[in-house]
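Take a look at the structure set out below.
The values are calculated or read from the model by the stated rules, or taken from the named source; none is laboratory data. Computed from a prediction, not measured in an experiment: that's the story for all the values here. So basically every Cβ, Gly included, is an ideal-geometry build from the backbone, and we count neighbours across all protein chains shown. SASA here: full protein model, heavy atoms, side chains in, ligands and nucleic acids out. Shrake-Rupley method; radii C 1.70, N 1.55, O 1.52, S 1.80 Å.
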Amino acid sequence: MEVVVLGTGMIGTTVVRELVKYENITKVTAVDGFSESITRCLAIADNDKVVGKLTNLQREEDIVEVLKNADVAIACLPHSLSLPAIHAAIAAKCSLVDLVGSKFEEKMELDGLAKEAGIVVVPGCGVAPGITNFLAAQGIELLDETDEAVMICGGIPRHPLPPLWYQVVFRLESVMGLYTRPAKAVENGELITLPALSGLETMNFPSPVGECEVVITDAHSTAYTLKDKVKKLYEKTVRYSGHWSKMSVLAELGFFEEEAIEIDGKLVSPRKVTEKVLEPKLRGDSNEDITVLRVVTKGKKDGQNITHTWEMIDFYDHNRNITSMAKTTAIPAMLLATWILNKKVTETGIVPVENIIVGDRFNPFIEELSKNGIEINYKQESS
């Protein structure tokens, strides 16, 4: 069986290296638009099953060409290339696991075409969105009535430095989106949109993390798929205390605005200037990171108040020599791709992960995550 991995950055390379461990996968095609990235990926994977393919990932027809003979594909691409990859997968009749969860409504418009092609496309299948989604769905499934579901996650440096106490582990583009993108959430069972950087609050996590702060960020597909099952639903993103507060001030002053302003006769985007200024301040002295995750659902079961809590504090993986964020993002996508290959997932269409990894599939998937180094702790409390 052949798996195609679109994008050979940190996540894509991790996916490639993990896929070759499966005996029924005979070929992994690592696709990128930059030859040096492919070369680096092949060196890290160090396996005869892996072949590199230089392709213009900006062109949908070129993506179709590399997908047409594959059994399944995993898209580890920037947000801007997510929809083209899905269109290409449908045209090539190749099932796709996509790390990007944005533009869910636009993706769902392709549901009929994906069904006609006989494939499944799973959007937003990493850690958040991804693991957080199906934990929330399972928590709701375990209750008769759900008052609230909160998905909390964030990648933070193991050794934070001032003034922002944060370092970029992926693309700055994705990070900037958190400061500017309105957040879909659910209140009173209705879909709502909140301004970026809403709901700032302090939250504590086990040592060595300690006190952090969170803001409400986009709940992606869960805001649509779970809204009829819960009164309140939010996603919240974690940073060390002080980070969101400083970003909120910059946002309020207009430093994240896209519209160009004139400076010395030249048109300049405040956001582009801000990115240039912030980028060196978002680099750390170490690649070591921590991924913090907590998903809480509260409601009633058999007339009793019940709280379900899942929590993960994951560290830089020294055995694999990869960041925690790379591991916890790549592994769920990789595992789901193998489930599609092995016919454990038989749905077709655009199917978010919370509609797949729930019920009878939940515990087996959690067990596979654990075998691959992702440990999620669970507790139930009643009152």
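Here is how the numbers come out for the structure above:
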| item | result |
| --- | --- |
| All positions within the range 157-213 that are touching a Cys at 6+ places or on another chain (Cβ under 9 Å) and under 17 Å from I290 (Cα atoms) | M203, N204, F205 |
| Total residues in the range 247-271, condition within 20 Å of P163 (Cα to Cα), open to solvent by 70 Å² or more (accessible area, probe 1.4 Å) and out of contact with any Pro (no Cβ under 7 Å at 6 or more places or on another chain) | 3 |
| Residues of the range 229-243 that turn out to be crowded, with 20+ Cβ neighbours inside 10 Å and part of a strand (DSSP E or B), as a count | 8 |
| Selection within the range 229-238 - farther than 16 Å from D218 by Cβ and not hydrophobic (A, V, I, L, M, F, W, C) | K229, K231 |
| Any hit, the range 316-328, residues being within 14 Å of L369 (Cβ to Cβ), part of a strand (DSSP E or B) and in contact with a Lys or Arg (Cβ under 9 Å, 6 or more places away or on another chain) | yes |
| Elements of type strands (runs of 3 or more DSSP E) in the range 123-228, at least 2 residues being without any contact (Cβ under 8 Å) to a residue 40 or more places away in the chain, farther than 25 Å from M334 by Cα and open to solvent by 30 Å² or more (accessible area, probe 1.4 Å) | 190-194, 198-205 |
| Sole residue being open to solvent by 10 Å² or more (accessible area, probe 1.4 Å), aliphatic (A, V, I, L, M) and within 22 Å of E23 (Cα to Cα), chosen from I331, I322, I313, I340 | I340 |
| Test: residue in the range 102-110 that is crowded, with 21+ Cβ neighbours inside 10 Å and not small (G, A, S) | yes |
